[in-house]
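Note sheet for the following structure.
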Amino acid sequence: MASGWINIETAMDSVKTLTVDTDRFLHLGISVSHMIGVFILTQLLRQISRTVLPKSVYPYVAELLCLYQLTICSLENGLIIYPEYGMVLYAFIMYVLTIGYYVAFDGNGNPCGVFNELIQKRITFPSVLSAAAKMACNVVGGLVALQHIKEFWSVGALDSHLHHVEVMKQPCNSAMKTYVLYGVTAELIATFIVRFVGGLSVGGKRWHKFIFATVVVAVTLTGADYTGMMFNPALATAITSNCVGHPIQEHVLVYWIGPFLATILVVPTLSIVNQSKQQTKRKPHSQSAVNGSVTQQHDNTLKKKTRKRKKYY
């Protein structure tokens, strides 16, 4: 009898464990489905916007949609999946999301990208105005996404969603956990690395997106405990602006000035690296050209000596 009771208790424990595991998979499925749904929604909005809007207007809408998509997925992954499922799954989903952004985005999705475009061409008042408008669209996209998150989570599909809705009603805690100077330096270095790797196109068309996603994940995990590792001013504005103990001037310095300085530094660095690569490619070509010239001279001499064999060349 005793052994029978033990077996029944063991079976009940197994059922409870299976139920818990099933619930965890269900919760994960809801979060992942939310992010997939956002990808589908933004792609539909892109297609509709391209069809109905003038070409001169669409780039601004594209910037808004990119930040909308990025912010929702970042919050769902960072606030819901990471605390419940841990660092490994969080990093894997971030990796997949980054590849998804790489494929789906038709805008910069980052004020640093807009700023990069501005400083690489002739700066005029219209170009500055256009860049400022695109950055504003980035910020608006992030803020709209924040409202979307609050509304979606308030439905209560997950208990963690409801919990974070209540948390959002309270003054938020800043993502920056270090001194301002260290924060500026961290965001500057992170932005420089990510934009440098992105601009260098390491791995070519086939492998670049995978290498880029790996770098994004590595950089984010390395500095997350210091500033949240945003390296995106608009994303940072949506997530951590107006938080307790985080004055607006500190926010601008860390999350805007730092990344913009990095963007300025990346442009000449990439130019130097690309020039070096081109020179390296030219050297073998030049050498072969010299060798070809010598060979041609030898052939001409040989042809003069053996004119009867000319038809065989």
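Between residue 89 and residue 154, the modelled labels are 2.8 nm apart [label points 7 Å from Cα along Cα→Cβ]. Peptides 271-277, 100-106, 66-72, 50-56 ranked from most to least packed give 66-72, 100-106, 271-277, 50-56, packing being the mean of other C-beta atoms within 10 angstrom over each peptide's residues.
What pairs in 121/177; 55/121; 55/277; 209/277 have C-alpha atoms more than 25 Å from each other? Walk me through the numbers on the way to the answer.
Values: 121/177 37 Å; 55/121 20 Å; 55/277 36 Å; 209/277 21 Å.
Flagged as over cut-off: 121/177; 55/277.
Using +1 on the beta carbon of Lys and Arg, -1 on that of Asp and Glu, and nothing else charged, what's the dipole of region 21-152 about the Cα centre, debye to 20?
Details: 8 positive and 8 negative charges, 132 e Å.
Value, rounded to 20: 640 debye.
Applying a DSSP loop filter and a limit of 13 other Cβ atoms within 10 Å to the trypsin sites (Lys or Arg not before Pro) in region 169-208 leaves 169, 177.
Note that region 196-252 shows a convex hull volume over its alpha carbon atoms of 93 Å³ per residue. For region 225-267, the share of accessible area belonging to carbon and sulfur comes to 68 percent (1.4 Å probe, ligands and nucleic acids excluded).
Taking the Cα of residue 173, stepping 7 Å toward and past its beta carbon, and measuring to each backbone N in region 238-263: which are under 15 Å? 240, 243-246, by backbone N distance to the label point. Divide the volume of the convex hull around the Cα atoms of region 38-94 by the residue count and you get 67 Å³ per residue.
With each label modelled as a point 7 angstrom along the Cα→C-beta vector, the residue 272-residue 128 pair spans 2.8 nm. Multiplying the residue separation of residue 282 and residue 106 by 0.36 nm and subtracting their alpha-carbon distance yields 60.0 nm. Computed from the alpha carbon atoms alone, the convex hull of region 102-198 holds 168 Å³ per residue. Approximating the spin labels as points 7 Å out from Cα along Cα→Cβ, the residue 180-to-residue 119 distance works out to 2.1 nm. A protection proxy built from the mean count of other Cβ atoms within 10 Å ranks the segments 139-149, 35-45, most packed first, as 139-149, 35-45.
Overall, the accessible surface of region 21-91 at a probe of 1.4 angstrom is composed of carbon and sulfur to the extent of 73 percent. Here region 153-256 has an Rg and Dmax of 16.2, 46 Å, counting Cα atoms alone.
The values are calculated or read from the model by the stated rules, or taken from the named source; none is laboratory data. Worth saying up front: this structure is predicted, and the values here are computed from it rather than measured. Virtual Cβ from ideal backbone geometry, glycine too; neighbours counted across all protein chains shown. With ligands, DNA and RNA removed, areas are computed over all heavy atoms of the protein, side chains included. Shrake-Rupley method; radii C 1.70, N 1.55, O 1.52, S 1.80 Å.
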